[in-house]
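*Asks:* This is the structure I have questions about; it appears just below.
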Amino acid sequence: MKIIRYRSRGRDVHYLEEILTKLGYQVYVSNFFGKDTHEAVKDFQKKNNLVIDGIVGLKTWSKLIEAKRDLIAFNDKLLSEQDVKDFANAFGLELAMVKAVNEIESSGKGFLVEGKPRILFEGHVFWKQLEKRGISPSQFTSEQNKDVLYKKWTKVHYKGGIREYDRLEKAASISSTPAFYEAACSSASWGAFQIMGYHFESLEYASIDDFVAKMNDHEREHLKAFGKFISVTSFRGKKLIDWIKEKNWAKFAHGYNGPGYKKNKYDDKLRNAYERYSND
(Lines give C-alpha, C1' and ligand atoms only; values in the text may rest on other atoms or scores of the structure.)
Protein backbone atom coordinates (compact mmCIF):
# COMPACT_ATOMS: atom_id res chain seq x y z
CA MET A 1 0.00 0.00 0.00
CA LYS A 2 1.12 3.55 -0.68
CA ILE A 3 1.68 6.13 2.04
CA ILE A 4 -1.42 8.32 1.93
CA ARG A 5 -2.59 11.36 3.89
CA TYR A 6 -5.02 14.27 3.86
CA ARG A 7 -5.86 15.31 0.26
CA SER A 8 -4.43 12.09 -1.27
CA ARG A 9 -6.43 10.50 -4.08
CA GLY A 10 -6.67 7.05 -5.60
CA ARG A 11 -7.60 3.42 -5.07
CA ASP A 12 -5.70 3.10 -1.80
CA VAL A 13 -7.79 5.91 -0.34
CA HIS A 14 -10.95 4.11 -1.40
CA TYR A 15 -9.76 0.88 0.23
CA LEU A 16 -8.80 2.73 3.42
CA GLU A 17 -12.23 4.35 3.66
CA GLU A 18 -13.97 1.00 3.13
CA ILE A 19 -12.02 -0.47 6.05
CA LEU A 20 -12.71 2.56 8.25
CA THR A 21 -16.41 2.26 7.47
CA LYS A 22 -16.36 -1.41 8.44
CA LEU A 23 -14.65 -0.41 11.69
CA GLY A 24 -17.56 1.90 12.47
CA TYR A 25 -16.20 5.25 11.33
CA GLN A 26 -18.61 7.61 9.54
CA VAL A 27 -16.54 8.50 6.48
CA TYR A 28 -17.61 9.06 2.90
CA VAL A 29 -16.20 6.28 0.71
CA SER A 30 -14.59 7.78 -2.39
CA ASN A 31 -11.13 8.20 -3.89
CA PHE A 32 -10.42 11.41 -1.95
CA PHE A 33 -8.81 11.58 1.50
CA GLY A 34 -10.99 14.27 3.09
CA LYS A 35 -11.18 15.77 6.58
CA ASP A 36 -13.59 13.08 7.78
CA THR A 37 -11.09 10.38 6.83
CA HIS A 38 -8.23 12.39 8.36
CA GLU A 39 -10.03 12.58 11.72
CA ALA A 40 -10.98 8.90 11.57
CA VAL A 41 -7.37 7.86 10.91
CA LYS A 42 -6.13 9.96 13.83
CA ASP A 43 -8.73 8.38 16.10
CA PHE A 44 -7.73 4.91 14.95
CA GLN A 45 -4.06 5.72 15.54
CA LYS A 46 -4.85 7.01 19.03
CA LYS A 47 -6.77 3.84 19.94
CA ASN A 48 -3.97 1.63 18.61
CA ASN A 49 -1.02 3.37 20.28
CA LEU A 50 0.40 4.73 17.03
CA VAL A 51 1.85 8.15 16.27
CA ILE A 52 -1.21 10.38 15.80
CA ASP A 53 -0.33 12.19 12.59
CA GLY A 54 -3.18 11.19 10.24
CA ILE A 55 -0.69 9.63 7.82
CA VAL A 56 -1.42 6.07 6.70
CA GLY A 57 1.95 4.41 6.32
CA LEU A 58 3.21 0.88 6.88
CA LYS A 59 2.44 0.73 10.62
CA THR A 60 -1.07 2.15 10.29
CA TRP A 61 -1.85 -0.07 7.29
CA SER A 62 -0.65 -3.10 9.25
CA LYS A 63 -2.84 -2.27 12.22
CA LEU A 64 -5.86 -1.60 10.00
CA ILE A 65 -5.53 -4.89 8.17
CA GLU A 66 -4.83 -6.76 11.41
CA ALA A 67 -7.90 -5.20 13.02
CA LYS A 68 -10.16 -6.52 10.29
CA ARG A 69 -8.24 -9.44 8.87
CA ASP A 70 -11.47 -11.26 8.18
CA LEU A 71 -12.37 -8.56 5.65
CA ILE A 72 -10.00 -9.99 3.07
CA ALA A 73 -11.97 -13.25 2.83
CA PHE A 74 -13.55 -11.92 -0.36
CA ASN A 75 -10.30 -12.30 -2.34
CA ASP A 76 -11.49 -15.53 -3.94
CA LYS A 77 -14.17 -13.53 -5.77
CA LEU A 78 -11.77 -11.30 -7.68
CA LEU A 79 -10.80 -11.27 -11.34
CA SER A 80 -7.39 -12.51 -12.38
CA GLU A 81 -5.27 -11.07 -15.17
CA GLN A 82 -6.02 -14.18 -17.22
CA ASP A 83 -9.78 -13.64 -16.80
CA VAL A 84 -9.47 -10.17 -18.31
CA LYS A 85 -7.19 -11.37 -21.11
CA ASP A 86 -9.58 -14.18 -22.03
CA PHE A 87 -12.50 -11.74 -22.10
CA ALA A 88 -10.61 -9.23 -24.26
CA ASN A 89 -9.68 -11.96 -26.75
CA ALA A 90 -13.23 -13.34 -26.86
CA PHE A 91 -14.72 -9.93 -27.67
CA GLY A 92 -11.94 -8.69 -29.93
CA LEU A 93 -10.93 -5.88 -27.58
CA GLU A 94 -7.57 -4.61 -26.50
CA LEU A 95 -6.73 -5.55 -22.92
CA ALA A 96 -6.19 -1.86 -22.13
CA MET A 97 -9.77 -1.07 -23.19
CA VAL A 98 -11.30 -3.53 -20.73
CA LYS A 99 -9.03 -2.41 -17.91
CA ALA A 100 -9.86 1.24 -18.57
CA VAL A 101 -13.62 0.71 -18.20
CA ASN A 102 -13.09 -1.45 -15.12
CA GLU A 103 -11.01 1.25 -13.46
CA ILE A 104 -13.25 4.21 -14.23
CA GLU A 105 -16.54 2.51 -13.38
CA SER A 106 -15.52 1.02 -10.03
CA SER A 107 -11.87 1.83 -9.32
CA GLY A 108 -11.07 -1.70 -10.48
CA LYS A 109 -12.95 -3.31 -7.60
CA GLY A 110 -16.24 -5.15 -7.94
CA PHE A 111 -16.59 -6.10 -4.29
CA LEU A 112 -16.54 -4.20 -1.03
CA VAL A 113 -14.27 -5.38 1.75
CA GLU A 114 -17.36 -6.91 3.39
CA GLY A 115 -17.63 -9.34 0.48
CA LYS A 116 -20.70 -7.74 -1.10
CA PRO A 117 -20.72 -6.46 -4.69
CA ARG A 118 -20.33 -2.71 -5.04
CA ILE A 119 -23.58 -0.91 -5.70
CA LEU A 120 -24.88 2.62 -6.12
CA PHE A 121 -28.57 3.11 -5.44
CA GLU A 122 -30.45 5.62 -7.62
CA GLY A 123 -33.65 7.04 -6.10
CA HIS A 124 -34.83 8.58 -9.37
CA VAL A 125 -34.56 5.19 -11.08
CA PHE A 126 -36.51 3.67 -8.19
CA TRP A 127 -39.26 6.19 -8.94
CA LYS A 128 -39.39 5.04 -12.59
CA GLN A 129 -39.21 1.36 -11.69
CA LEU A 130 -42.20 1.70 -9.40
CA GLU A 131 -44.14 3.45 -12.16
CA LYS A 132 -43.18 0.63 -14.54
CA ARG A 133 -44.84 -1.77 -12.11
CA GLY A 134 -48.04 0.28 -11.97
CA ILE A 135 -47.27 1.89 -8.62
CA SER A 136 -47.64 5.64 -8.04
CA PRO A 137 -44.42 6.76 -6.29
CA SER A 138 -45.99 10.02 -5.08
CA GLN A 139 -48.12 8.00 -2.66
CA PHE A 140 -44.97 6.95 -0.81
CA THR A 141 -42.99 10.18 -0.76
CA SER A 142 -42.24 11.45 2.73
CA GLU A 143 -39.53 13.16 4.73
CA GLN A 144 -38.39 9.73 5.86
CA ASN A 145 -38.06 8.38 2.30
CA LYS A 146 -36.66 11.44 0.58
CA ASP A 147 -33.17 9.94 0.35
CA VAL A 148 -34.33 6.86 -1.59
CA LEU A 149 -37.37 8.01 -3.57
CA TYR A 150 -37.21 11.16 -5.68
CA LYS A 151 -38.21 12.12 -9.20
CA LYS A 152 -35.04 13.77 -10.52
CA TRP A 153 -31.44 12.60 -10.35
CA THR A 154 -29.24 13.98 -7.60
CA LYS A 155 -26.08 12.73 -5.96
CA VAL A 156 -26.79 14.48 -2.67
CA HIS A 157 -28.12 11.27 -1.11
CA TYR A 158 -25.21 9.03 -2.10
CA LYS A 159 -23.53 7.45 0.92
CA GLY A 160 -20.96 5.21 -0.75
CA GLY A 161 -19.60 1.83 0.24
CA ILE A 162 -21.62 -0.58 2.33
CA ARG A 163 -24.07 2.19 3.29
CA GLU A 164 -25.56 2.07 -0.20
CA TYR A 165 -27.06 -1.25 0.91
CA ASP A 166 -28.80 0.60 3.72
CA ARG A 167 -30.45 2.80 1.09
CA LEU A 168 -31.43 -0.18 -1.08
CA GLU A 169 -32.92 -2.04 1.89
CA LYS A 170 -34.74 1.08 3.03
CA ALA A 171 -36.32 1.47 -0.41
CA ALA A 172 -37.29 -2.20 -0.58
CA SER A 173 -38.92 -2.06 2.86
CA ILE A 174 -41.20 0.92 2.10
CA SER A 175 -43.83 -1.69 1.33
CA SER A 176 -44.01 -5.46 1.83
CA THR A 177 -45.24 -5.76 -1.75
CA PRO A 178 -42.67 -7.86 -3.72
CA ALA A 179 -42.69 -5.20 -6.45
CA PHE A 180 -40.86 -2.82 -4.13
CA TYR A 181 -38.03 -5.27 -3.57
CA GLU A 182 -37.75 -5.97 -7.31
CA ALA A 183 -37.85 -2.25 -8.12
CA ALA A 184 -35.20 -1.47 -5.50
CA CYS A 185 -32.77 -4.11 -6.78
CA SER A 186 -33.41 -2.91 -10.32
CA SER A 187 -32.53 0.65 -9.29
CA ALA A 188 -28.93 0.01 -8.25
CA SER A 189 -25.85 -0.32 -10.42
CA TRP A 190 -23.94 -3.50 -9.62
CA GLY A 191 -20.39 -4.76 -9.57
CA ALA A 192 -17.13 -3.92 -11.24
CA PHE A 193 -18.82 -2.48 -14.33
CA GLN A 194 -21.77 -0.87 -12.54
CA ILE A 195 -24.52 -2.43 -14.67
CA MET A 196 -27.97 -1.19 -13.69
CA GLY A 197 -30.20 -3.93 -12.31
CA TYR A 198 -33.11 -3.09 -14.61
CA HIS A 199 -31.08 -4.37 -17.57
CA PHE A 200 -31.51 -7.94 -16.31
CA GLU A 201 -34.18 -8.66 -18.93
CA SER A 202 -32.28 -7.39 -21.96
CA LEU A 203 -29.18 -9.26 -20.72
CA GLU A 204 -31.25 -12.47 -20.55
CA TYR A 205 -31.14 -13.14 -16.84
CA ALA A 206 -34.08 -15.17 -15.59
CA SER A 207 -35.09 -12.53 -13.05
CA ILE A 208 -33.71 -9.65 -11.01
CA ASP A 209 -32.99 -12.22 -8.28
CA ASP A 210 -30.94 -14.25 -10.75
CA PHE A 211 -28.99 -11.14 -11.77
CA VAL A 212 -28.30 -10.14 -8.14
CA ALA A 213 -27.23 -13.69 -7.27
CA LYS A 214 -24.75 -13.69 -10.16
CA MET A 215 -23.37 -10.31 -9.06
CA ASN A 216 -22.76 -11.77 -5.60
CA ASP A 217 -20.93 -14.78 -6.99
CA HIS A 218 -17.70 -13.54 -8.57
CA GLU A 219 -16.18 -10.64 -10.52
CA ARG A 220 -16.16 -12.98 -13.52
CA GLU A 221 -19.94 -12.66 -13.48
CA HIS A 222 -19.55 -8.87 -13.49
CA LEU A 223 -17.35 -9.22 -16.55
CA LYS A 224 -19.90 -11.48 -18.27
CA ALA A 225 -22.64 -8.92 -17.62
CA PHE A 226 -20.43 -6.19 -19.07
CA GLY A 227 -19.85 -8.27 -22.20
CA LYS A 228 -23.57 -8.82 -22.64
CA PHE A 229 -24.35 -5.16 -22.03
CA ILE A 230 -21.94 -3.66 -24.54
CA SER A 231 -22.94 -6.27 -27.11
CA VAL A 232 -26.69 -5.57 -27.00
CA THR A 233 -26.82 -1.87 -26.11
CA SER A 234 -26.86 0.61 -28.98
CA PHE A 235 -26.11 4.31 -29.05
CA ARG A 236 -26.26 6.57 -32.09
CA GLY A 237 -26.61 3.66 -34.50
CA LYS A 238 -23.82 1.45 -33.15
CA LYS A 239 -23.35 -1.05 -30.37
CA LEU A 240 -21.28 0.18 -27.43
CA ILE A 241 -18.65 -2.44 -28.18
CA ASP A 242 -18.12 -0.84 -31.60
CA TRP A 243 -17.57 2.59 -30.04
CA ILE A 244 -14.93 1.04 -27.76
CA LYS A 245 -13.17 -0.60 -30.67
CA GLU A 246 -13.10 2.75 -32.47
CA LYS A 247 -11.75 4.37 -29.30
CA ASN A 248 -14.54 6.92 -29.50
CA TRP A 249 -14.65 7.48 -25.76
CA ALA A 250 -17.19 10.29 -25.92
CA LYS A 251 -19.76 8.16 -27.75
CA PHE A 252 -19.07 5.16 -25.53
CA ALA A 253 -19.26 7.21 -22.31
CA HIS A 254 -22.49 8.88 -23.43
CA GLY A 255 -24.09 5.52 -24.21
CA TYR A 256 -22.76 3.84 -21.10
CA ASN A 257 -23.11 6.59 -18.48
CA GLY A 258 -25.80 8.83 -19.98
CA PRO A 259 -25.74 12.52 -20.87
CA GLY A 260 -24.04 13.41 -17.59
CA TYR A 261 -20.83 11.82 -18.84
CA LYS A 262 -19.48 15.17 -20.04
CA LYS A 263 -19.88 16.90 -16.70
CA ASN A 264 -18.08 14.04 -14.99
CA LYS A 265 -15.46 13.88 -17.77
CA TYR A 266 -15.91 10.13 -18.16
CA ASP A 267 -14.67 10.27 -21.74
CA ASP A 268 -11.43 11.97 -20.70
CA LYS A 269 -10.97 9.57 -17.79
CA LEU A 270 -11.50 6.55 -20.04
CA ARG A 271 -9.11 7.89 -22.65
CA ASN A 272 -6.42 8.61 -20.08
CA ALA A 273 -6.82 5.22 -18.44
CA TYR A 274 -6.69 3.46 -21.82
CA GLU A 275 -3.50 5.30 -22.78
CA ARG A 276 -1.90 4.49 -19.42
CA TYR A 277 -2.69 0.77 -19.70
CA SER A 278 -1.56 0.74 -23.34
CA ASN A 279 1.78 2.18 -22.31
CA ASP A 280 2.09 -0.38 -19.52
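*Asks:* Given only helices, namely DSSP H runs of n ≥ 4 each adding -39500 (n - 2.57), what is the per-residue ellipticity at 222 nm of the chain, to the nearest 500 deg cm²/dmol?
*Replies:* -15000 deg cm²/dmol
*Asks:* Carbon and sulfur atoms: what percent of the 1.4 Å accessible area of the chain do they account for?
*Replies:* Of the solvent-accessible surface of the chain, carbon and sulfur hold 48 percent.
*Asks:* Can you pick out the pairs among 99/247; 99/265; 22/63; 159/228; 63/99; 22/77 whose Cα atoms lie more than 22 Å from each other?
*Replies:* 159/228; 63/99
*Asks:* Using a/c under 1.5 as the rounded threshold, could you call the range 124-216 rounded, prolate or oblate? The axes a ≥ b ≥ c are square roots of the C-alpha gyration tensor eigenvalues, and prolate needs a/b larger than b/c, oblate otherwise.
*Replies:* It comes out oblate by the Cα gyration axes.
*Asks:* Counting only other residues whose beta carbon sits under 14 Å from that of residue 57, what net charge do I get with K and R as +1, D and E as -1?
*Replies:* With Lys, Arg at +1 and Asp, Glu at -1, the net is +3.
*Asks:* A 22 angstrom limit on the alpha carbon distance is what I want to check against. Which of 116/224; 109/152; 132/170; 46/155; 132/239 exceed it?
*Replies:* Listed pairs above 22 Å: 109/152; 46/155; 132/239.
*Asks:* Please report the net charge: other residues with Cβ closer than 11 Å to the Cβ of residue 168, K and R +1, D and E -1.
*Replies:* +1
*Asks:* Another question about this same structure. If you roll a 1.4 Å probe over the heavy atoms of the protein chains, what accessible area per residue do you get for the chain, in Å²?
*Replies:* 50
*Asks:* Distance between Cα centroids, the range 150-198 to the range 216-280: provide it in whole Å.
*Replies:* Spelled out, the Cα-based centre of one part sits 22 Å from the other.
*Asks:* While we're looking at this one, here's another question. Tally Lys and Arg at +1 and Asp and Glu at -1 over the other residues with C-beta under 14 Å from the C-beta of residue 270: what net charge comes out?
*Replies:* +2
*Asks:* Here's something else I'd like to know. Roughly how large, in nm² to one decimal, is the mean projection of the convex hull of the alpha-carbon atoms in the range 1-68?
*Replies:* 3.7
*Asks:* Now, a different point. For the chain, what value does the Rg/Rh ratio take when both radii are computed over Cα atoms and Rh is the Kirkwood radius, given to two decimals?
*Replies:* 0.98
The values are calculated or read from the model by the stated rules, or taken from the named source; none is laboratory data. Since this is a predicted model, take the numbers as computed values, not measurements. So basically every Cβ, Gly included, is an ideal-geometry build from the backbone, and we count neighbours across all protein chains shown. Only protein heavy atoms, including side chains, enter the accessible area calculation; ligands, DNA and RNA are left aside. Shrake-Rupley method; radii C 1.70, N 1.55, O 1.52, S 1.80 Å.
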